[in-house]
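The values are calculated or read from the model by the stated rules, or taken from the named source; none is laboratory data. In this text, all values refer to a predicted model and were calculated from it rather than measured experimentally. Using ideal geometry, Cβ is built from the backbone for each residue, glycine included, and neighbour counts are taken over all protein chains shown. Just the protein is used for accessible areas: all its heavy atoms, side chains included, with ligands, DNA and RNA removed. Shrake-Rupley method; radii C 1.70, N 1.55, O 1.52, S 1.80 Å.
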Amino acid sequence: MGACTPADSKTIAELRGVTKRFGDVLAASDLNLSIREGEFLSFLGPSGCGKTTALRMLAGFEAPTEGDVLLDGDVVNDLEAHHRPVNMVFQQYALFPHMTVAQNIGYGLRQRRPRLPKEQIADKVSKTLEVVQLGGFEDRKIWEMSGGQQQRVALARAIINEPKLLLLDEPMAALDRKLRKEMQIELQDLQRQLGITFVLVTHDQEEALSMSDRICIMRDGRIVQVGSPQELYDRPNSRYVADFVGTSNFFDGKVADQSGELTTVCLNNGLHVRGTPVGELISSGEVTISVRPEQMTLHRQGDGLAVEVRNRIFLGEHTEYLVNHEALGDFLVLSPRQSELTEGAFGVGDKAIVSWEDSAALVLDRN
Amino acid sequence: MTRRTRNWLLLAPAGTWFLVMLIIPLTVVFIFSFGERAPAGGVVPAFTFEQYANLPARWAAFKNTMTLAPIGTLSALLIAYPLAYYLAVKSSPKWKTILLVLVIVPFWTSILIRSYAWIFLLGGRGIPALLELVGIEGVRLINTPFAVLVGIIYGYLPLMVFPIYVSLDKLDKRLLEASSDLGAKPWRTFLQITLPLSIPGIATGCMLVFILLMGEYLIPALLGGGKVFFVGNALVDLFLQSRNWAYGSAVAVTLVVVMLITVTVYMRLINRLGASREDVSIM
Ligand SMILES: Nc1ncnc2c1ncn2[C@@H]1O[C@H](COP(=O)(O)OP(=O)(O)O)[C@@H](O)[C@H]1O
Ligand SMILES: [Mg+2]
């Protein structure tokens with residue numbers, strides 16, 4: 001995916017120290033972000049963390065309280081939405097109920113001055129309908145379309161204008177699971193085909209991970225980390241990110257020794273564990289060690305944590321073990337099928353040793 | 001109880017009311033309109049078109065009604081729409097309630113009392129006196145069509161505001177954002193989205209006000225001072241003063257027919273407007 005968006009490609013939009021307050025509510029706080037031309041960027045975070053607010057400032061529906069919003073290098077803080085080369089797919093689609101499918105899709109083109117010839121608009125509408133696989137639906141009424149079809153209409157209505165930025169606010173939230181998967185793939189195809197920069201808002205980590213070139217993780221109005229899905233998975237800069245992106249096991253502790261390349265952490269049970277520090281560690285030294293379940297291995301003997309197997313779920317390629325350590329509590333271990341075939345599977349109640357590479361243990365800020 | 005009987009029971013009260021208060025009186029009036037005036041007032045049964053032949057004598061009342069009712073309706077619409085728009089789209093939730101209550105407040109006192117207030121305002125010691133202070137002399141307002149129009153607009157404004165307010169209030173505000181997002185300037189958003197989607201409210205408001213105006217008699221009686229009178233005033237006069245029931249019935253039947261024709265034409269127009277957009281058709 002990285003191939004179609006070289007890291008050095010030009011910045012198309014930018015947030016510079018952007019803060020947005022609604023009365024007492026701090027919806028966005030000091031956002032700094034460069035959006036690269038042609039990339040698929042997602043804002044990911046739980047409900048209420050300010051994703052929509054960030055998107056609405058890019059669209060021009062809200063002006064930042066502080067900081068600057070830039071489009072193509074120009075500050076556009078107070079430029080109204082109808083002057084911005086940006087289009088949005090709304091959460092509930094916001095299709096015009098008194099217009100046909102074709103009238104909805106052609107709406108943006110009809111606002112252009114000087115006016116475009118009618119035939120040219122009709123022609124482009126048909127072509128765009130083909131692109132979203134709704135060819136021939138021109139004269140349908142909006143309420144005659146299913147949820148999935150309405151979403152395609154909303155998409156077509158936006159992309160027909162060839163915007164510099166396409167903003168999508170939880171576009172798949174109202175679709176059922178199967179349709180959502182299909183649409184995710186279609187959206188990705190569409191983005192590559194059109195080369196338009198997509199900015200997606202979602203609270204669904206799977207959606208963000210599978211579709212995006214880069215993900216911007218938000219929390220309480222702040223940006224916590226920006227990076228490719230792989231970067232966020234492998235090098236989360238806080239427990240929050242590690243928890244949000246994928247699944248991980250966390251062991252709280254205090255920094256014992258920070259002199260070398262690896263940090264030694266004294267876990268709450270007195271056990272010393274070495275790990276790789278990521279991000280800024282708070283001065284108090286209150287940290288957490290994060291180890292992904294698939295980075296852990298189960299052995300019959302050797303060095304490591306002595307645990308007891310509590311549950312075993314066979315997942316085909318992997319087997320997921322829930323194990324219990326006397327002091328550290330329950331955590332998950334994911335064993336590849338291959339190692340089970342060589343070492344033999346563990347049963348519920350078996351004693352086992354869990355170990356991992358020092359590099360797999362990340363020392364993270366506990367918040 | 002079968003569904004059928006239940007449905008009949010649901011309709012029975014309104015149906016009875018309709019029959020007793022509307023169909024029977026209308027039938028009586030219709031029959032009277034072909035009768036003759038009894039010497040002592042009242043009506044002598046007959047079958048003559050004499051009363052209808054006499055209608056031109058009351059032409060002025062019809063003319064006033066048929067000009068001031070549409071003009072009043074349109075003026076009320078033009079004043080009510082911006083107000084309803086402000087209430088529904090622009091005002092903050094807190095102010096919205098206060099302003100809506102203010103729109104209803106006039107209904108708390110009788111139209112009679114409110115019209116008397118206008119008699120004073122438009123009369124010699126009211127607005128004309130103020131105008132004289134700034135040097136504009138000889139303005140007469142009371143007992144003119146203008147006075148009646150002012151009274152009409154004032155009295156019927158809330159009836160126009162509410163249906164429009166409701167249709168604008170339930171309008172999804174994101175549609176306005178979507179329109180702006182697609183490059184429409186505010187004025188074009190209004191013309192292409194807000195206005196078409198508020199047509200049901202406009203249609204309802206206009207119909208309500210127009211029909212009620214056609215039968216209006218109190219405002220012309222008070223503010224028109226016998227110079228500007230509606231068909232309603234003619235009816236009061238014919239039935240209560242001159243006791244010419246037969247002629248009064250003919251006038252009443254004519255008014256009903258004119259009203260029916262106007263409303264039918266109006267419905268046709270509205271529905272044609274809404275034919276391409278089912279959701280805004282009103283019938
Ligand atoms: N117009 C508004 N007025 C007041 N508060 C708002 C407004 N829009 C958003 N907020 C608040 O800002 C915060 C962030 O909202 P939002 O950006 O919609 O979050 P998200 O899209 O991540 O769910 C929330 O606490 C929300 O209540
Ligand atoms: Mg949101």
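The magnitude of the dipole of chain B, with charges of +1 and -1 set on the Cβ of Lys/Arg and Asp/Glu and taken from the Cα centre, is near 520 debye. For segment B:34-282, the ratio of Cα radius of gyration to the globular rule of thumb 2.2 N^0.38 Å stands at 1.23. Taking the Cα centre of the protein assembly as shown as reference, the dipole from Cβ charges on Lys and Arg (+1) and Asp and Glu (-1) amounts to some 3820 debye. Taking the average, over residues, of other Cβ atoms within 10 Å as the packing measure, peptides B:153-161, A:92-100 rank B:153-161, A:92-100 from highest down. Near the amide H of A:Ser238, within less than 5 Å, lie no amide hydrogens of residues on another chain or at least 5 residues away, with H placed in the peptide plane. With a/c under 1.5 counting as rounded, go ahead and sort segment B:153-213 into rounded, prolate or oblate using the C-alpha gyration tensor (a ≥ b ≥ c being the square roots of the eigenvalues; past the cut-off, prolate if a/b is larger than b/c, else oblate). Cα axes put segment B:153-213 in the prolate bin.
Exceedance of the 21 Å cut-off in Cα-Cα distance is limited, within the set A:Lys51/B:Lys96; A:Lys164/B:Lys185; B:Lys96/B:Lys170; B:Lys94/B:Lys170; B:Lys94/B:Lys173; A:Lys51/B:Lys185, to A:Lys51/B:Lys96; A:Lys51/B:Lys185.
Relative to its Kirkwood radius, the Cα radius of gyration of the protein assembly as shown gives an Rg/Rh of 1.18. Pairs B:Lys63/B:Lys227; A:Lys141/B:Lys90; A:Lys20/B:Lys90: which exceed 18 Å Cα-Cα? Listed pairs above 18 Å: A:Lys141/B:Lys90; A:Lys20/B:Lys90. Couplings 3J(HN,Hα) for segment B:230-235, derived from phi with the Karplus relation 6.51 cos²θ - 1.76 cosθ + 1.60 (θ = phi - 60°), are 9, 4, x, 5, 4, 5 Hz, where x marks Gly and Pro. Peptide B:192-203 is shielded by partner chain Cβ atoms: per residue, an average of 2 of them sit within 10 Å of its Cβ.
Chain A packed on chain B takes about 2100 Å² of accessible surface away from a 1.4 Å probe, both sides summed.
Taking only protein heavy atoms and a 1.4 Å probe, the accessible area of chain A is 46% carbon and sulfur. A 1.4 Å probe run over segment B:34-282, with the rest of the protein chains in place, finds 51 Å² accessible per residue. Counted as membrane-span-like here are DSSP H helices of chain B whose alpha-carbon atoms extend 20 Å or more along the helix's own axis and whose Kyte-Doolittle mean is 1.6 or above; these are B:145-169, B:199-214.
Kindly work out what percent of the DSSP beta bridges joining two residues of segment A:134-240 are antiparallel, to the nearest 5. Of those bridges, close to 50 percent are antiparallel. Computed with a 1.4 Å probe over protein heavy atoms only, the accessible surface of segment A:164-307 comes to 45 Å² per residue. Separation of segment B:188-249 from segment A:50-109 is 46 Å, based on Cα centroids. Considering only alpha-carbon pairs that sit under 8 angstrom and 6 or more positions apart, the relative contact order computed for segment B:34-282 is 28 percent.
Return the average number of partner chain Cβ atoms within 10 angstrom of each residue Cβ along peptide A:101-114.
Whole-number average of other-chain Cβ neighbours for A:101-114 is 3.
Contact order for segment A:2-234, expressed relative to its length and based on alpha carbon pairs under 8 Å spaced 6+ residues apart, stands at 28 percent. For segment B:90-215, the fraction of alpha-carbon pairs lying more than 19 Å apart is 64 percent, rounded to a whole number. In percent, rounded to a whole number, the relative contact order of segment B:160-283 is 22, using alpha-carbon pairs under 8 Å and six or more apart. For chain A, the Cβ-based charge dipole about the Cα centre amounts to some 1280 debye (Lys, Arg positive; Asp, Glu negative; other atoms uncharged). Projecting the Cα atoms of A:Tyr93, A:Gly136, A:Asn161 onto the charge dipole of segment A:2-234 (Cβ charges, centred on the Cα centre) puts A:Gly136 farthest toward the positive pole. The orientation-averaged projection of the convex hull spanning the C-alpha atoms of segment B:149-283 amounts to 10.1 square nanometres.
Among the protein heavy atoms of chain B, carbon and sulfur supply 73% of the accessible surface, probe 1.4 Å, non-protein parts ignored.
Share of antiparallel DSSP beta bridges in the protein assembly as shown, in percent to the nearest 5?
On the way: 63 of 84 bridges.
Percentage antiparallel, nearest 5: 75.
Evaluate peptide A:195-206: per residue, the Cβ atoms of other protein chains within 10 Å of its Cβ; return the mean as an integer.
Shielding by partners across A:195-206 averages 0.
Taking 1.567 mPa s as the viscosity and 4 °C as the temperature, the Stokes-Einstein diffusion coefficient of segment A:105-253 based on its alpha-carbon Kirkwood radius rounds to 74 µm²/s. Between B:Gly205, B:Gly15, B:Gly72, the Gaussian network model of chain B with springs among Cα atoms under 10 angstrom shows the greatest mean-square fluctuation at B:Gly15.
Peptides A:62-71, A:147-156: what's the order by average Cβ count within 10 Å, highest mean first?
A:147-156, A:62-71
Both the radius of gyration and Dmax for chain A are 24.6, 78 Å, in that order, over alpha-carbon atoms.
Can you tell me what share of the DSSP beta bridges in segment A:2-234 is antiparallel? A percent to the nearest 5 is fine.
Within segment A:2-234, antiparallel bridges account for around 55 percent of the total.
Between A:Met218 and A:Leu44, A:Gly45, A:Val224, the built amide H atoms are under 5 Å apart, and every one of these is 5 or more places off in sequence or on another chain.
Less than 5 angstrom separates the built amide H of A:Ala345 from none of the residues sequence-distant by 5 or more or on a different chain.
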